[in-house]
Structures are given as structure tokens and as C-alpha cells.
1. Under the rule a/c < 1.5 gives rounded, and otherwise a/b versus b/c splits prolate from oblate, where does the stretch 59-153 land using the Cα gyration tensor?
2. Taking K and R as +1 and D and E as -1, what net charge do the other residues with C-beta under 12 Å from the C-beta of L113 add up to?
3. Might you report the magnitude of the Cβ-based charge dipole of the chain about its Cα centre, with Lys and Arg at +1 and Asp and Glu at -1, to the nearest 20 debye?
4. On a full-extension model of 0.36 nm per residue, what is the gain between K123 and R87, subtracting their alpha-carbon distance, rounded to one decimal in nm?
5. Take every Cα pair under 8 Å in the stretch 8-104 that's 6+ residues apart, average their separations, divide by the length, and report that relative contact order as a whole percent.
6. Give me the percent of accessible area attributable to carbon and sulfur for the chain, probe 1.4 angstrom.
7. Pairs of Cα atoms under 8 Å, at least six residues apart: use those to get the relative contact order of the chain, whole percent.
8. Give me the tail of P(r) for the stretch 1-54 as a percent: Cα-Cα pairs with distance above 15 Å.
Amino acid sequence: VQMAVEPLKSASQFLGTPAIGEHIEADGHIRTYMLFNPSHEDPVLKNGAPVTSLAAAVVASFTDKTLDQVLQENPPQRYDLPIFNYRKSVDWPKHDDGGVKETYYSPYRTISLRDVISGKLSKAQKAALQGSAVLVGSISTGYFDHYPGPFNPHTPGPEFHLLAIDNVINGDALKAPLNLLIVLL
């Protein structure tokens, strides 16, 4: 785990790692998530605390909870990990400025950083940002941070983090049936 640069570290409420590599299955899909990884010690919290994920840091911040509270509610597990409850994707405008009507297919609204920096946000985009959890990440297909998903064969990495956040906040992640139940059936 590599520590964030000092200006980012000192300005952050919480720090979490965006690494999801441990969840890539043999077929290239990502189906599970873990908010805290007990394989490594968190470099900020120390004292043997498991590494905080980006999703856990966002959940804590968005819900006004401490990391300890989020950890207590979502203890790290090696087995029986939460399974993503995928959301159906819809077409969102890439740029909501009345120009070219390119769209982006995703369950989550995507707003171009270029539009934010240039101040060209529509009223709908500004309203969508109010009270929202916002992740800044690349969805560019050339970035190679894409994995197969049920609705998009090239799902960008940031969507998996958003999905974990969404599932935790809504409390509707899926659980695998017990192996014994499968054998009995």
C-alpha cells in the first residue's frame, strides 16, 4: 500500500485504497467487494487495523460515520464476501451543454471533469452534484481499468467503487447461498 502525497493526505477526511485487484476472478469478472482488507495493516490507522478501501472511506464520509463504525458494521471476511447487486445502466449525456449528443452507458451519472473545470454545468448537472458522493476517475477505454460486467463488457474501474458504495449505503448487496444448500438442492 502506497501512501498518498502530503497535500492530499492533509486535506482528506479519510484515506482509502482504490485497489480491487484481489476481486478479479479467473474469468476476468469482478463480482465481490471488501470494504476492509485484513491482509495488510492500514498505514494511517495502524495498530493492526485492516486497510481501508476507497468505498469504505466514501461511505464513512457520506454517512457521517467514523471508519471504526463502518468497520464494525462491515467486518472484513475472507469468505462469504458481499456480492455486487448490479444496477441497470442507462444512457447519460457525456456533455450536457446542448452540443453534440454523445452518451455514456452507466448506472451512475457521469459528469466530465472538463465541464466542471470550465464551469459549463447544466442546471441538471449542478442539481445532481448537490448532496452527492462524487468520485473522480477515468472512464476512458484507453486507460485499461475496465472489467467485464453484466451490462457492459468494458465496465470502468470507478463504477465498481460506486457500486460498492451504493450497495453498502442501500444495504442491498447480495449474499451467496450456503454451499450445503446448493449440494442439498
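The values are calculated or read from the model by the stated rules, or taken from the named source; none is laboratory data. Keep in mind the model is a prediction, meaning the values are calculated, not measured. All Cβ positions, even for glycine, are placed from backbone atoms using ideal geometry, and neighbour counts span all protein chains on display. Ligands, DNA and RNA are stripped out before the accessible areas are found, and what is left, the full protein with its side chains, is counted by its heavy atoms. Shrake-Rupley method; radii C 1.70, N 1.55, O 1.52, S 1.80 Å.
1. Oblate, since a/c reaches 1.5 and b/c is not below a/b.
2. +2
3. Computed about the Cα centre, the dipole is about 440 debye.
4. 10.5 nm
5. Details: 114 pairs, mean separation 23.6, N = 97.
The value is 24 percent.
6. Roughly 58 percent, rounded to a whole number.
7. Numbers: 228 pairs, mean separation 37.4, N = 185.
About 20 percent, as a whole number.
8. On the way: 736 of 1431 pairs.
Tail of P(r) above 15 Å: 51 percent of Cα pairs.
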